[in-house]
Each structure stands twice: as structure tokens, then as C-alpha cells.
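Heads up, the thing below is written out as C-alpha cells.
The values are calculated or read from the model by the stated rules, or taken from the named source; none is laboratory data. Worth saying up front: this structure is predicted, and the values here are computed from it rather than measured. We place every Cβ from the backbone using ideal geometry, glycine too, and count neighbours over all the protein chains shown.
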Amino acid sequence: MIIYIDGVRLVDLSADAQPASWANINGSGKIHKINSVSNSAAKVSGYYAQHVFVDGLQLDPTSFGEINSFNRFVPIDVSGLTFGNNGHYLKFENGANLGEDSSGNGNDWTNTNVTQSSDSPTRNLAVLNQLFTDGGVAENITNGNLKYQPLGTNQHNAPVSTLGIASGKFYIEANIIVGDGVNGKQIGIIDEQNFKTGAIDLSQYTKSTIMQWTSGSATIKRDNSTTQSSLLIALNGDVIGMAIDMDGKTIQFSVNGVNTGTAESFTGTNAFVGMSANVAANGCTFVFSENDWTHTAPSGFVELAAANLPAPTVNPAANFYGEAYTGDGVANRAFTGIGFNTDWLWFKRRNGANPHLFYDSVRGNTKELNCDVSIAETTTSDFTSFDSDGFTLGVASADINTNLATYVAFAWKANGSTVVNNDGTIQSNVSANTASGVSLVSFVGNATAGATIGHGLGKKPDVFFIKNRQAVDNWPTYFSVLGATKHLFLDDSAVLQTATNQFNDTEPTASVLTVGGIQQVNGSGQNMIVYCFTEIIGFSKFSEYVGNGSTDGTFVFLGFRPRWLLIKRRDINDSWRLFDTERDPDNQVDKILLPDSSAAEFTGATAGIDFLSNGFKLRGAESGVNASTNNYVYMAFAQNPFSRGS
């Protein structure tokens, strides 16, 4: 038996108990079960879009799916397969007979306690996110992650939707459940910026707009302040409607199809639907599918489904690449098939205390920087060229390609060539990929505080790190969520610093970044390099979160499945931690490299992370990623976007 996931054969199994023969599976009298282990009460928790069994043929994944333009395995029409005598094709389309066989063989199945859901792997609707929790929320969500009721009083837990709204018009309904009175319920939207610790009372969030029931009356609150009062109260069995216009930044609430109050304005960039209740048994069942709505949506408003979200503008596979490889000790080893012209490369030997190596097309193929130490740039023959479809290594050194050693390489696409940029007070040479939000910038310092440098992104950078190529000095690192008065050092585990000298207390703009007058960022007559990044929906995200010190750790929404994730604890001295799917393709992802150290790769026993389709979930209490109430910043690049067409 061979197992494939997303078209890739699964070979790294903790146990591999193969059946002695096919007869043990398809022999006369053998019982088949779906979603259950034979002779066991164990069951699978999840969705099935289809179930196909082919008798008498050995097929590979190409019979069932294909790779789309986003390098993702997606299903194809399988109705033309030859299913064989015992074969079946279950579509799960007939709600009255979910086990109906569509193969033509009449091999119907018997359904036992399985329900049909409008949400499926091939029709992805919003549901409530069980992973967004501060403890106690998950067990309160049932009925296909649509029904929410707290188990106790004063829990104030607020589950939110798996899909966020960045643009467009969407309508959602909620069937109200009143367990012991109409009080203590809140329903509405919160902005993604509030996703730091976990679920709480919705009204405690800034950038939230909710309808609230208190003492027998209904009000609308925005940013925890009442804006409308004496509204129609929703009782048990009533239907709350929410018409969310993200483009106009308004939300209109309704009760049983009748608007209550006026459309309320709100702020924010990515709205999520949620509910909280502080009384046991109060709650609601959300209705995200238009097929199940009780009332008609306002004109132009659609269901909250992945198919209605904006299509990705960037293909991650065409702009970012990673590869884990084993050294062969052969000079001029070429890596091809990457699919784009590489411009910035990051190498690290995994099984040795060797440096992190940076090469970029702006400085040239012989110029090496190390982010784990503060040394100046060196000239080396370890690397040969940036190629149109990959890259080529140089001599077979221990740092990059010694025989049988293990390595990882990451590659980003910039512009492929540099242009002169005169947007700032200092001229710069820039290779910018405005589509993916990556820019490589070189300039010669002038030691003038407040000097500006053009970066070519066309948007304000969310992260940049800068290095004086000629000096033994640190790598000051800017995060927009921290502000220009603060910085970290990429090459150091130091706590978050507050200083004027690095960025002159001046935020970058869509055209320039500002530096101080010190050697570290602007040495007189010295060559500098800056790596700049701005968020692109579906490709990259640079933000912060707060740890909770639990194995049921903080969930961080990204809007994509991460391929590469860099985390830094900022409250105390602690190393940067790098996780990725090249070295660790399966959850939990716990193989760690430290960018501020040459240390070999190690496994973080309590630092595991689940890489999910829309973000990541911390699964351990390791201090470097999830200490309780501690603050962390992160950089993430995508494997696959979580949206239409991907």
C-alpha cells in the first residue's frame, strides 16, 4: 500500500504495517469502513469531499488530481475511471443518502451518524476556528464548527471565523440560542490586528464592531464604546443578520430580516466574524452558506467562502524557494528548476556549527555576509552565480557543499537587475520586486542623521535589516509593528532596543527609509546593504503575537500556509528561531535553526508548531516561541495562499 498526500508519496512513517496481501483488504467478506477503524470506536475528525475505490487497477495521483498554477495539488473529474466490480465513487451530494455510489456499480454504503456539510475541502466556507483559543473554547464549538455555546458562566470566550474579510461585501446569519436569558451575548466583527493572545469578550477588543445584549436591551458598540442603543432584541430562535461591506467599512445588523439601527462604520484591514457569551448555554449557530440562509441577503452581498475572496496576486512558488540538500563535495554544483531568477540566497549547514551565509545579486556573487555574527563582508569562492532558473555553488567548502553534510538553502526573487534610485537624499542601487514586496538596496553612507534612502517597493516596508558591509557591527532590524524608535539585531539575541541612532525615530515611507548617522547604519563612505520587505496578501506577513505558555498555544492568522517562519522573542534576551517545511515537511514543525548563532540544527522538544492552511498554531511552551504573556515578532513566507484559485 502506498499513501500520497497532495500528490506526494508519504515515506517518513513512524510505523509501516503493510497488509500481507490485497486479499486482506478486498477479499470476500471483508468489511470496509470510512472514517472509522475496523473493530474500534476510533474515528477520524474531518471532511470528505469524495471517496473513490478502484478494484483491479493500480493508479497514481495523476488519475485523481493535478498541480495547479500555484503548485498545489487539486482534484480533477474522476467520473471516467474504470472502477471495477467492487469499486465505488461516493460524491456525498445526496443528503438523504450520503452513501450513494455514483460509479454505476450500485455499491452503496450505509451511513451511521455522518452529517452533510455545505463546507467541504472543495467548497471552502468559513467556519468557527477551534484553534483560536485561550483555553476552553474548542470544546464549546460543535456541529461542524458552526455552533458555539460556552460551558460555564463568565467565560467570555470568543471564537472567530476561519476566513477573514479584506475586501468585498458579505452576508452572514446566526441563529440565536438563549439558554437562561437574553443577556450576556455579543456578536459582530473584530479586526485581525487583535489576534495576539487568544479569544476574549468581543467588546474588549479595539477595532471591533458588535451587537450586544445587556440587561434586556440591545446596543451596538464600536471599539468598546456604545454608538447605538435601544435596538431590537434577538430572542431564542431569532436570526441575526450581518451585512459586512469591507470596501465601505460598514456593517448592518438585522433581526429576522429587519434592519436594527443604522449601518455602523468601523476601521481595520481584515475583519473576522465572531461571538462571545458569558452565560452558560447562550450562543448561536452561524450560517455561512447561502443555501442555508433564512433571509435574503442585501443586493451585492455574498456568502463568506474562499471562492468569493480575492484571487492571489502573487504565486509563492514563483518568488520564494527552499531546498534541503546533502552535499556532494563537487565544485560548481548547479541547482535548477527553481522557476525564477534568484537574487537573494540564504544558506546554512544543518549538521555543523557553520555560519549562515547571505549572497545577493546587488553585491555580487563573490561577496558573502554572515547574519550570525557581526563581522564585515568577505570575498569568497563558495558561490558562483545567480541563474535564471536557480543558482550555482562554487568550491566544495564545509559551509556550503562538503560531501554528505546536510544543508538548507532559501532563495528570493527580486528584480534580476539593479536600477539607480534617487528618491532619497543618498543615491541607492535597488533590485525591487514590487509584486512580492522584496527589495535589495545598496548605498554608500554619509554619516548624516536623517539621511533617506530609496527602496523601490512602492509601499512602506514592514521589515528591513541593514548591514555595514565594511564594519564589524550589528544588523539593526526594523519591524513596523514595533515602530522606528525601536529595533532588534538580526545577528544577536538581545532584547528589543530603544534608540534614535538606527532609524532616526522616523518611519519609512512608500519611497524611502531613514537612517541615523552612526557607522552601524550609515558609515561615512562605507558600503551598506538593506534587505526590505512589505506585506503582500497571500505571500508574506510580518507582525507580532503574545505567547500563552500552553501546549494549546496561540494561533496566528497569516492568510496562507507558511513555508518559512522566523520568530524572535522581544521581551528578554533570546535567540531568533527559524522553522521551515524544507527541513520539516510534516507537523509538528520543530527543527530549529538560530540565525544569530552558527549552532547546528536541533529539535525543539517543546517548540513544536503546526503549519496550517491559514496560519500557524503553537504547540509547546518553549520560551523562544511561546512563553506566557511574552511578546514575539515574526516574518513568514507562504507555501500556499488561503484564497480563491489557490
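The table for this structure:
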read-out	value
Matching residues, the range 525-555, being within 26 Å of residue 513 (Cβ to Cβ) and among the hydrophobic types (A, V, I, L, M, F, W, C)	528, 529, 530, 532, 533, 536, 537, 539, 542
Residue satisfying all of: in the range 280-336; among the polar types (S, T, N, Q) and not in a loop (DSSP other than H, G, I, E, B); surrounded by the fewest Cβ atoms within 10 Å (Cβ to Cβ) among these	291
Inter-residue pairs, beta-carbon under 7 Å, first in the same structural domain as residue 266 (by TED's automatic domain parsing) and in the range 210-221, second modelled with pLDDT of 85 or more and among the acidic types (Asp, Glu), 6+ apart	220/264
Cβ pairs under 7 Å, 6+ apart, first in the range 176-198 and more than 19 Å from residue 288 (Cβ to Cβ) and of a type in the set (A, V, I, L, M, F, W, C), second at pLDDT 80 or above and not in a loop (DSSP other than H, G, I, E, B)	195/556; 195/557
Selected residue [touching a strand residue (DSSP E or B) at 6+ places or on another chain (Cβ under 6 Å), part of a loop (DSSP other than H, G, I, E, B), at pLDDT 85 or above and surrounded by fewer than 18 Cβ atoms within 10 Å (Cβ to Cβ)] from 77, 55, 108	108
The range 219-271: number of residues that are of a type outside the set (Val, Ile, Thr), at pLDDT below 85, surrounded by 13 or more Cβ atoms within 10 Å (Cβ to Cβ) and within 17 Å of residue 282 (Cα to Cα)	1
Filter result (assigned to a loop (DSSP other than H, G, I, E, B), over 30 Å from the mean Cα position of the chain (by Cα) and not charged (D, E, K, R)) within the range 418-434	418, 422, 424, 425, 427
Residues (surrounded by 22 or more Cβ atoms within 10 Å (Cβ to Cβ) and either closer than 23 Å to residue 531 by Cα or basic (Lys, Arg) (or both)) located in the range 575-593	576, 577, 578, 579, 580, 592, 593
Residue within the range 554-564 that is on the phi > 0 side of the Ramachandran plot and either more than 22 Å from the chain's Cα centre (by Cα) or crowded, with 23+ Cβ neighbours inside 10 Å (or both) present	yes
Single residue of the range 127-143 satisfying the filter (over 16 Å from residue 273 (Cα atoms) and at pLDDT 60 or above) that is surrounded by the most Cβ atoms within 10 Å (Cβ to Cβ)	140
Leading residue by the ranking (surrounded by the fewest Cβ atoms within 10 Å (Cβ to Cβ)) among those in the range 368-401 that are touching a residue at least 60 places away in the same chain (Cβ under 8 Å) and under 22 Å from residue 338 (Cα atoms)	395
Residue 384 being within 16 Å of residue 332 (Cβ to Cβ), over 32 Å from the mean Cα position of the chain (by Cα), outside any loop (DSSP other than H, G, I, E, B) and modelled with pLDDT of 95 or more	yes
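For every residue, the table says whether it meets (1) at positive phi; (2) polar (S, T, N, Q).
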{"residue": "399", "(1), (2)": "no, no"}
{"residue": "437", "(1), (2)": "yes, no"}
{"residue": "440", "(1), (2)": "no, no"}
{"residue": "452", "(1), (2)": "no, yes"}
{"residue": "460", "(1), (2)": "no, no"}
{"residue": "474", "(1), (2)": "no, yes"}
{"residue": "477", "(1), (2)": "no, yes"}
